[in-house]
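Here's the structure, in structure tokens; my notes come after.
The values are calculated or read from the model by the stated rules, or taken from the named source; none is laboratory data. Computed from a predicted structure; not experimentally measured. When we count neighbours, we look across all protein chains shown, and the Cβ atoms used for this are built from the backbone with ideal geometry, even at glycine. The protein model used for the area step is the full one, side chains on, heavy atoms only, and it has no ligands, DNA or RNA in it. Shrake-Rupley method; radii C 1.70, N 1.55, O 1.52, S 1.80 Å.
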Amino acid sequence: MKQASARAHSNIALIKYWGKRDARLNLPAVGSISITLADLYTDTTVSFDDTLAADQARIGGAEVDPGRLSGFLDIVRETAGTNVPARIVSENNFPTGAGLASSASGFAALALAATRAAGLEMSPRALSILARRGSGSAARSLFGGLVEMHRGQDEDGLDAFAEPILAQNAWPLEVVVAITDNASKKVNSTIGMSDLDARSDFYDGWLAHAEDDLSSMREAIKARDFATVGALSEMSCLKLHGLMLSTRPGLIYWNAATVSAMHAVREMRASGLDVYFTIDAGPQVKALCAPGQGQAVAAELAQVPGVLETRLTALGPDAAVL
Ligand code: 2P0
């Protein structure tokens, strides 16, 4: 039996990925820029075991259908020249499938653990390309700090990978995650973003401005210009949700507490705190805070009706073998 374990941290996109240029290779239609989170992570152990009849998977203590994970392991097995089944055991230290990027940390941890267990030594870039096959956002979770994912141009997807913009300790931003619902979302991201050409009249506009948004964000990050980073983050979030709302059938990932928390963030800003919101394919609100402002923001968000829990976190590290 060959076994390895890895930890990868969740990430939150500030410039959002939504839409694919190739569904089979899971190539994104747009690039994205994210921050990796210190305190939200997935630990995964992969054991290739020739006494197993088929792949098995356990997530958060429950046996699950290994379907999507098996498809991913097949890519690793093909690269390593083996067909041995595997057992996957994975734990998130946060709610799964609720818009907290569990597929990002999950597939990044799986990519690292599975390749190590299979005896493959891959560069961070090759691991990012592999993790992308599992989930687009997972390509970013290989890296700590602030990270850019490239959409790439090549048909084989070898230029669609993530790389760091700023290291974990280069800018001590803080993030408050306000959890408003612990249930899994009803429409997962892959389905929500499928076939947007046919399903949204806003998709052309989304694609047309993606490169400008990415370059503005890249410059603002390099200049440590928090107000611009925050304003671009809120804009990209609202634009994403405009696209989601415009999709047939319309995707409404927000609940009442999500909207209350968005207003609360803007009120905090009006009263002098440096904070901006972002929201993914789920009802949780993530507040991006300038260094030193996270505690005050967490205390305010905890008072918002419908906010169940807040978590304050700093920027996280690269994924690592345990
Ligand atoms: C992001 N999201 O950039 C965007 C913003 C959610 C909203 O990436 O189909 O789970 O597996 O590539 O990575 C969530 O999508 O989708 C996501 P797939 P993924 O973080």
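Probing with 1.4 Å while keeping every protein chain in the model, the per residue accessible area of segment 174-314 equals 45 Å². Our estimate of slack between GLU121 and LEU238, defined as 0.36 nm per intervening residue step minus the Cα-Cα distance, is 38.1 nm. Figure legend: label point modelled 7 angstrom from the Cα of ALA302 along Cα→Cβ; residues of segment 250-278 with amide N under 18 Å from it are 261, 264-265, 268. Per residue, the Cα convex hull of segment 2-168 amounts to 104 Å³.
Think of the chain as a dipole: +1 on every Lys or Arg Cβ, -1 on every Asp or Glu Cβ, centred on the Cα centre; then among SER215, HIS9, ALA162, HIS9 lies furthest on the positive end. Summing Cβ point charges (Lys, Arg +1; Asp, Glu -1) relative to the Cα centre of the chain gives a dipole of roughly 260 debye. Computed from Cα positions, the angle between helix 256-270 and the longest principal axis of the chain comes to roughly 50 degrees. The alpha carbon centroids of segment 292-322 and segment 75-152 are separated by 24 Å.
Remark: C-alpha extents of the chain on the principal axes read 62, 38, 38 Å, sorted largest to smallest.
Calculated accessible area for segment 2-168 comes out at 36 Å² per residue, all protein chains present (probe 1.4 Å; ligands, DNA, RNA ignored).
Sparsely packed loop sites in segment 107-191 (the GluC sites (Glu not before Pro) outside DSSP H, G, I, E and B with at most 16 other Cβ atoms within 10 Å) comprise GLU121, GLU155.
Ligands, DNA and RNA left out, the 1.4 Å accessible surface of the chain is 51% carbon and sulfur atoms.
Segment 17-45 and segment 206-223 have their alpha-carbon centroids 17 Å apart.
Think of each Lys and Arg Cβ as +1 and each Asp and Glu Cβ as -1; about the Cα centre, that makes the dipole of segment 65-119 roughly 100 debye.
Charge dipole (Cα centre; +1 on Lys/Arg Cβ, -1 on Asp/Glu Cβ; no other charges) of segment 93-179 amounts to roughly 240 debye. Over 18 Å between Cα atoms, which of LYS16/LYS286; LYS16/LYS239; LYS20/LYS186 qualify? Violating the 18 Å Cα-Cα cut-off are LYS20/LYS186. Taking trypsin sites (Lys or Arg not before Pro) as exposed when DSSP calls them loop and at most 16 other C-beta atoms lie within 10 angstrom, the chain has its longest site-free stretch at 25-185.
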